[in-house]
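Novice: Starting off with a structure, shown below.
The values are calculated or read from the model by the stated rules, or taken from the named source; none is laboratory data. What you see is a predicted model, and the numbers here were worked out from it, not measured in a lab. In this analysis, Cβ positions are derived from the backbone assuming ideal geometry, glycine residues included, and neighbour counts consider all displayed protein chains. All accessible areas refer to the heavy atoms of the entire protein, side chains included, with ligands and DNA or RNA removed. Shrake-Rupley method; radii C 1.70, N 1.55, O 1.52, S 1.80 Å.
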Amino acid sequence: MAYRAPVEEVLFLLQHVLNVQHYGNLEGFDDVSSDSLEQILSAAARFAEDVVAPLNQPGDGEACRFLAGSVKTPRGFKEAYRQLVDDGWNSAAVSAKLGGKGMPYVVAAAIEEFINGANQSFAMYADWGFYASLLMDAEGIEQLRRDYLDPLIAGTWSGTMALTEPHCGTDVGMIRTAATPQPDGSYRLNGTKIFISGGEHDLTENIVHFVLARIDGAPAGTQGISLFLVPKFEAARAGMLGKRNGVQCLGIEHKMGLRASATCRLHFEDAKGWLIGAPNRGLKQMFVLMNHTRRACGVIAVAGSEAAYQRASTYVKERVQGRRARACDNGEESKAALLLDQPDVRRILMRLRAFIEPARALVLWMALQSDIYERSREESAKERARERIELLTPILKAVLSDMGFEAAVQAQQLFGGHGYIVSTGVEQYVRDLRVLMIAEGANGVQAMDLVMRKLFRDDGRGFRSFVNDVSQAAQDMPEDLEFLNEAMSRSLIDLIAAFDWLHGASAADASAGAYDFMTMLGLVSLGYMWTLIIAAAGKVLSAEEGMHRAYKIARARFFMERLLPDTGAYLRRITSGAQDFLNLPADAF
Ligand SMILES: Cc1cc2nc3c(=O)[nH]c(=O)nc-3n(C[C@H](O)[C@H](O)[C@H](O)COP(=O)(O)OP(=O)(O)OC[C@H]3O[C@@H](n4cnc5c(N)ncnc54)[C@H](O)[C@@H]3O)c2cc1C
């Protein structure tokens, strides 16, 4: 079954839920009139559907191959990559001043969804122009920018983010890769990095590694980490290949999923590198990028769940199995039924839609917050956007990746045994999406970041202000949709009770309750999106589109009645404390 990019749904969200046309005063938004938006999204959809999606299953079967230090990507990837670059999709979010398309993040995020929905492995190679533009924003590196940034934005060169080492993943403070200053102002880097996505491949003539390393004599821990640019080939001059540098690919990982994305072991041996930004400030600089890639995990989770859902919803309308559940009630002879006629099958489909629609709204809404934060001149709007981004980035990264993976498993379930068979194509989404819960900081680490570092900052101002918005949106629901207000109000009471409990809890209890709190906040955020979606659907969907509104209300009701009430259980889990298991000796585990 072919992937179809959800253009109409995205247009509805952008134009009616987020009202992007009202942001014409922000840079890049002057081009988002309804016609141009539709043209951009339709063109991106065609690229995703016709060029990228057909490579997904074959690419997974063929996988990347490692041959004497080089990596061969699956058949068709090179041509598709060339088209990606020719069409400029790789630089959609890069500022026009730097030679990119300068689209708002909120539009670029939709394009990112389409390409990831078509082929998650391929999409891993796509965004290096944007990432490099974030990392190379530092002062004092004008020459490096001239030599390396233009080809990265053009897509003729690509990049990597090289943090992880064999002995350290989560705790990057333990990094050992060493950088030794040279008389010419450059550095010699020595060390080994593992799990580096796109560390070696045949899609571009050069690869620029952004490496975290420790300058000789630097302080221990995260305070002593610096960021370096280490190219595979040095630039002879702007965009021109020079000398081969001392970075080698030792091999690639054979993985559960993302098999067409090269995950590489890289060895740096006296590799020439240049410092980006100030010494010992590398982690802070890398976090500018990682906050984007963490939010991108939410985009990818939506993309994969949508693609898995599309397959499942087609399958259940074709597969005949069992008897129609209602046939026995009226004494009629029971008839063979489609899977779709089984109530439990419908429950699963509703569960998927009840998650995917608000999750897509949430990732786009968050992309809009990034636009406001970076482009608005109004200080209060910027500050509000900053608070939302800080509070909800862990939700996109972790809650959406958990729920996206679960959605793919549920879609697979609808295929029965056939879902376990590779040729059906649905199990690949389960394998590919799984990594989102691990990479970019494991989900448990996101929960700690949220509760132990961000939630109570400024006496929880960001949280309280978000809760006010959510509460207001629920109260604004018309009377015939009172169920939305009731459900949201109950869950907000749970959420605030959990917040208050965690505020007064010991560090150990708060840490042990962090994951459940993060999931609660995720559920409430999705509920908030449902209120915005339903409010917009009431205003804009015309009489002929009344059924679409009715479908949305049915899905929102499902969410409010069957998913959101879990906040009550999460509250009970959090407030039960953790001493009973935290105090157990190691041999109890
Ligand atoms: C397909 C793939 C692609 C990747 N791409 C890249 C890349 O391009 N660049 C790069 O640098 N790295 C990359 N990684 C590495 C990835 O970021 C790390 O695997 C991840 O950060 C976890 O580190 P680790 O594997 O060492 O696990 P560990 O740090 O050993 O952690 C193991 C588990 O322990 C738990 N845990 C650890 N510490 C904490 C804590 N403080 N609080 C709560 N729980 C904790 C978590 O559940 C975690 O999953 C990639 C990994 C994969 C699988």
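Novice: Could you compute the net charge surrounding residue 27? Neighbours are other residues with a C-beta less than 11 Å from the C-beta of residue 27; K and R count +1, D and E count -1.
Specialist: Working: positive: 97, 375, 377; negative: 30, 31, 371, 374.
Here the charged neighbours net out to -1.
Novice: With Cβ to Cβ distances under 9 Å as the rule, what net charge do the other residues near residue 297 carry (K, R +1; D, E -1)? Working shown, then result.
Specialist: On the way: positive: 294, 295, 397; negative: 440.
So the surrounding residues net to +2.
Novice: Given the rule -39500 (n - 2.57) for each run of at least 4 DSSP H residues, summed and divided by the residues of the chain, what is its mean residue ellipticity at 222 nm, to the nearest 500 deg cm²/dmol?
Specialist: Helices in the chain give a 222 nm mean residue ellipticity of -15000 deg cm²/dmol.
Novice: Subtract the Cα-Cα distance of residue 381 and residue 486 from 0.36 nm times their separation in residues, and report this length gain in nm to one decimal. Numbers along the way, then the final one.
Specialist: Values: separation 105, 0.36 × 105 = 37.80 nm, distance 2.94 nm.
Contour length minus Cα-Cα distance gives 34.9 nm.
Novice: Moving on. With +1 on each Lys and Arg Cβ and -1 on each Asp and Glu Cβ, and nothing else charged, work out how big the dipole of the chain is about its Cα centre, in Debye to the nearest 20. Before the final figure, lay out each step's value.
Specialist: Values: 62 positive and 72 negative charges, 214 e Å.
Here the chain has a charge dipole of around 1020 debye.
Novice: Stretched out fully, how many nm does the piece from residue 540 to residue 324 gain, at 0.36 nm a residue minus the Cα gap?
Specialist: On the way: separation 216, 0.36 × 216 = 77.76 nm, distance 3.67 nm.
Taking 0.36 nm per residue and subtracting the Cα distance, the gain is 74.1 nm.
Novice: Using only Cα atoms and rounding to the nearest 10 degrees, what angle (0 to 90) does helix 482-504 make with the longest principal axis of the chain?
Specialist: For 482-504 against the chain, the angle is about 50 degrees.
Novice: Pairs to check: 382/539; 97/232; 97/454; 317/397. Give those whose C-alpha atoms are more than 31 Å from each other in this structure.
Specialist: Working: 382/539 28 Å; 97/232 27 Å; 97/454 33 Å; 317/397 33 Å.
Pairs exceeding 31 Å: 97/454; 317/397.
Novice: Lys and Arg at +1, Asp and Glu at -1: add these up for the other residues within a Cβ distance under 10 Å of residue 443 and post the number. Kindly include the intermediate steps, with their values, before the conclusion.
Specialist: Working: positive: 397; negative: 402, 440.
That works out to -1.
Novice: Determine, for each peptide in 387-397, 283-293, the mean count of other beta carbons within 10 angstrom over its residues, then list the peptides with the highest first. Write out the running numbers ahead of the final one.
Specialist: Numbers: 387-397: 23.6, 283-293: 17.6.
In decreasing order of mean packing, 387-397, 283-293 become 387-397, 283-293.
Novice: Given a 1.4 Å probe and every protein chain left where it sits, what share in percent of the accessible area of region 442-579 is carbon and sulfur?
Specialist: About 51 percent, which is the carbon plus sulfur part of the accessible surface.
Novice: Follow-up. Using alpha-carbon positions, what is the distance between the centroids of region 288-306 and region 346-406, in Å?
Specialist: 10
Novice: Kirkwood hydrodynamic radius for region 442-579: how many Å is it when counted over pairs of different Cα atoms?
Specialist: Details: mean 1/r = 0.0632 Å⁻¹.
Taking the inverse mean of 1/r over all distinct Cα pairs, region 442-579 comes out at 15.8 Å.
Novice: Could you calculate, for the chain, the ratio of the Cα radius of gyration to the Kirkwood radius, expressed as Rg to Rh? Working shown, then result.
Specialist: Working: Rg = 24.5 Å, Rh = 25.2 Å.
Looking at the chain, the ratio lands at 0.97.
Novice: List the trypsin sites (Lys or Arg not before Pro) within region 32-132 that fall in a DSSP loop (any state other than H, G, I, E or B) and whose Cβ has at most 13 other Cβ atoms within 10 Å. Spell out each step's value before the answer.
Specialist: On the way: sites: 46, 65, 72, 75, 78, 82, 97, 101; in loops: 75, 101.
Passing both the DSSP loop test and the Cβ count: 75.
Novice: Consider a paramagnetic label point 7 Å from the Cα of residue 205 along Cα→Cβ; state which residues of region 61-85 have an amide N under 13 Å from it.
Specialist: Under cut-off, by backbone N: nothing.
Novice: D for region 387-511, whole µm²/s, Stokes-Einstein with Kirkwood Rh over alpha-carbon pairs at 20 °C and 1.002 mPa s: what number? Can you show the working numbers first?
Specialist: Numbers: Rh = 17.1 Å.
D, rounded to a whole number, is 125 µm²/s.
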